[in-house]
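The block underneath contains the structure these notes are about, expressed in structure tokens.
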Amino acid sequence: MTSIGGAEMVDWNLAVATATRLVRPGPEVSRDEARAVVAELRRHARTSEQHVRDFTRMMAALPDGGASVPDTPVLVVDRAGWIKANVAGFRELLGPLLGKMQERRGAGPGGAVLGAVGGKVTGVELGMLLSFLASRVLGQYETFAPGGLDLPGSAATGGRLLLVAPNIVHVERELEVNPHDFRLWVCLHEETHRTQFTAVPWLRAHLEGEIQTFLGATEMDPSTVLERLREAVQSFAGARPEAENGDEGRSLVELVQTPEQREVLGRLTAVMSLLEGHADFVMDGVGPEVVPSVAEIREKFQQRRASGAGRLDAALRKVLGLDAKLRQYRDGERFVRAVVGQVGMDGFNRVWTSPNTLPTKAEIAKPADWVSRVHGKGNEGSEGR
């Protein structure tokens, strides 16, 4: 990334330090218990691979068109490890945008000084955000993860699967569910994400292209950005009379977008709904065969998702747009279930053919429209069930 006077737009090291300092401590476990949890999560991650492949009929693709076991590593990490991994991912993905913004700011008077100060402020803010999220994420497939000595990535795709051990232990205790069943249940969901990206070679590049288009449409004029942020904050504080005209209930992330970005966000929302809903569908489909207490786990976990963890947590989720992610799980799972019910698993898997067969945001809400577009009108078959 371009550096003006040695200063970057984001002080990434400060972001890591801030998040690591502020993140809540994990649950109390003995050293032996911690080792046992890590070992069990690794075993479950390995066994989940075959369960997911058998259920979805998706195999990791090789450049020559063959299929193989994915080479994406599975890393069991603590909260600090999750923070470091995500900062590395942010730095990789946001590099082109921040470089452009830094060049523009550096061209003005005092640009280098502003860059040094602004980079530290942004680093602290990012660190505060990550400290909030680091105690909540159970697992994550890092699609755009740069490889490193301490956090290796796939040689072919750069991806890696993270399982956040202290958070998994915290939730299984909070829900009072069978810990061994819960750990396998979580691994099934995350393994589905790894399978999606290793079995669909074009998916990563497609998502990256959409994200870069979104970032490229960002307003570069600082005064414009500040004005949009001010309006967003006022709408959440109830100070804007225009809130009833459509801004009320939208996240801060949504409110600072340009019209072009909103179009891209609609496409990204549809893809993310598909990916998350598919993972939930697979998790529930495989679960009854291999997770004895899956019904209890699912019910309690759904209640936890819906309720959050208090008023402050709920407010932060709303502002950060995390409530939208909860809707993605629900809407995407309904889409997948409806399509599989109508055209079977093989018929559903045509969704992975190309970007043109991905569902639109409107089709996520109306699965029959996707079936009609991709399979042809009047297709009532049940191929591949």
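A few points about this structure:
- With both labels modelled 7 Å from their Cα along Cα-to-Cβ, the Ala205 to Glu289 distance reads 3.3 nm.
- If you plug the beta carbon distance of Ala368 and Glu28 into 1/(1 + (r/R0)^6) with R0 = 35 Å, you get a FRET efficiency near 0.10.
- Extension gain from Ser354 to Val38, taking 0.36 nm per residue of separation minus the Cα-Cα distance: 110.1 nm
- Less than 5 angstrom separates the built amide H of Asp11 from those of Lys120, Thr122, Gly123, all sequence-distant by 5 or more or on a different chain.
- Between Glu299 and Asn13, the distance separating the two model label sites (each 7 Å from Cα on the Cα→Cβ line) works out to 5.3 nm.
- Ordering 20-32, 74-86 by mean Cβ neighbour count within 10 Å, with the highest value first, yields 74-86, 20-32.
- Note on Arg21/His180: beta-carbon distance plugged into 1/(1 + (r/R0)^6) with R0 of 45 Å gives a FRET efficiency of 0.85.
- In this rough spin-label picture, where each label sits 7 Å from Cα along the Cβ direction, the Gln212-Arg327 distance is 2.9 nm.
- Taking amide H as placed 1.01 Å from N in the peptide plane, the amide H of Thr72 sits under 5 Å from none that are at least 5 places away or on another chain.
- Here the Karplus relation 6.51 cos²θ - 1.76 cosθ + 1.60, evaluated at θ = phi - 60°, turns the backbone of segment 335-346 into coupling constants of 4, 4, 4, 5, 5, 4, x, 8, 10, x, 5, 5 Hz, with x for every Gly and Pro.
- Calculated from backbone phi, Karplus (6.51, -1.76, 1.60) coupling profile of segment 47-56 in Hz, x at Gly/Pro: 5, 5, 3, 5, 4, 5, 4, 5, 6, 8
Just so you know, all these numbers are worked out from the coordinates, no wet-lab data involved. Since we're looking at a predicted model, the values are computed, not measured. Here Cβ is always computed from backbone atoms with ideal geometry, including for glycine, and neighbour counts include all displayed protein chains.
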